[in-house]
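The structure under discussion appears below in the form of structure tokens.
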Amino acid sequence: MVDLFLNARLSLRATFFDARGNFRPLPMKACGLAEEQRMLDSHFVECASAELARNYSAEWNDLASRALEPNAFLEPQFALTLAGFDSGGGTPLFLLVWEVGASSVRGRLIALWALVFPRTIFGRTVKAWVHDFCCSGAPLLDKENGSAGLELIFRWLKRQTGQICALSTVQLLETGPTFALLYEYAQKNRLPFDVLTQYERAALNANAIGANAHDSISPKKKKEIKRQLRRLNEMGCVTVGQAEDGAPLRDKIEAFMVLEAKGWKGRKGSAFLNNPVYLVLCATRRLPWGVKANAEYIGSLSMGE
């Protein structure tokens, strides 16, 4: 995993917010370059608030299903819910890159990135939107047109942003295709491309494993899991199940959060339910527990008397 800083050297133009801090959309400006004009004739970039982006949930879900690299945190059910309250990451704006449709203005969505823009004239960096419930700032890019989508996002930023001179994002997989496209863009445009931090973290790519998840476990680990299940059965009745969506999925996640709060995280004050704001949100069931986030189900193990 890496955190990135891309100095785009963007020009000094207008800002995204009015004096009261309200979002102010700006029109796309034309350019005289023939190559760029051809791209603009077939694609366009839209900057949308969460409220406006909600209207494109179907197209957004379609993009997530064919993304070059998945980002569960940027799927619409999850992102739009968290954009509706203060989750510690600022107010995002969503940049959407559309193909021009034959019968309508908007065709296929080929790129989407949630960004947070500075609200003052002194801000110089636009940041990928991350928050307390999200760790990855990676964009969603169409696996066939990801390069064009990324190119159009940066061209839009160059024309439309005000004092912005750099873009930063966090927790991109260094060996992943999104990192490769960002690096390629920086090299092509002779822009500084800096890896601020680099570290390893536990991760499971469920999409890569798919139905063969059981085969990815070593024989030694399988033997150890069976031993642990036998020990648990000696203490009580152990059941293994799964929940796919709706109320069963929500109940399993809420049960896990209660379990977490009863353990060492709860004693250290770092459990999810230790935060009073999140506790209220969970109690009122306003969090997006119904989103599948690139997984078909959540597994559970419970033990009764």
Practice problem: Return yes or no: is residue 175 open to solvent by 30 Å² or more (accessible area, probe 1.4 Å) and in contact with a Cys (Cβ under 8 Å, 6 or more places away or on another chain)? | Solution: no
Quiz prompt | All helices (runs of 4 or more DSSP H) inside the stretch 202-269 with 3 or more residues being modelled with pLDDT under 90 and touching a Gly at 6+ places or on another chain (Cβ under 9 Å) | solution = 246-262
Practice problem: Please tell me if residue 67 is buried (at least 22 other Cβ atoms within 10 Å of the Cβ) and among the small types (Gly, Ala, Ser). | Solution: yes
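Filter the stretch 44-61 for residues that are surrounded by 15 or more Cβ atoms within 10 Å (Cβ to Cβ) and charged (D, E, K, R); which is farthest from residue 154 (Cα to Cα)?
It comes out as 54.
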Quiz item: Which residue out of 101, 32 is at pLDDT below 80, out of contact with any Asp or Glu (no Cβ under 9 Å at 6 or more places or on another chain) and open to solvent by less than 40 Å² (accessible area, probe 1.4 Å)?
Solution: 101
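Do you know which residues across the stretch 152-167 are open to solvent by less than 20 Å² (accessible area, probe 1.4 Å) and either under 30 Å from residue 200 (Cβ atoms) or assigned to a helix (DSSP H, G or I) (or both)?
Within the stretch 152-167, 152, 153, 154, 156, 157, 160, 166, 167 meet the criteria.
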Quiz item: Which condition does residue 303 not pass, out of (1) assigned to a strand (DSSP E or B); (2) farther than 30 Å from residue 65 by Cα; (3) at pLDDT 65 or above, if it passes all the others?
Solution: (3)
Self-check item: Inter-residue pairs, beta-carbon under 8 Å, first touching a residue at least 40 places away in the same chain (Cβ under 8 Å) and in the stretch 242-262, second loosely packed, with under 13 Cβ neighbours inside 10 Å, 6+ apart
Solution: 242/299; 244/296; 250/285
Quiz item: Could we say that residue 178 is within 25 Å of residue 109 (Cα to Cα), at pLDDT 85 or above and in contact with an Asp or Glu (Cβ under 6 Å, 6 or more places away or on another chain) here?
Solution: yes
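The values are calculated or read from the model by the stated rules, or taken from the named source; none is laboratory data. All values derive from a computational prediction rather than experimental measurement. Cβ atoms come from the backbone with ideal geometry, glycine included; neighbour counts cover every protein chain shown. Ligands, DNA and RNA are excluded from the accessible area calculation, which covers all protein heavy atoms including side chains. Shrake-Rupley method; radii C 1.70, N 1.55, O 1.52, S 1.80 Å.
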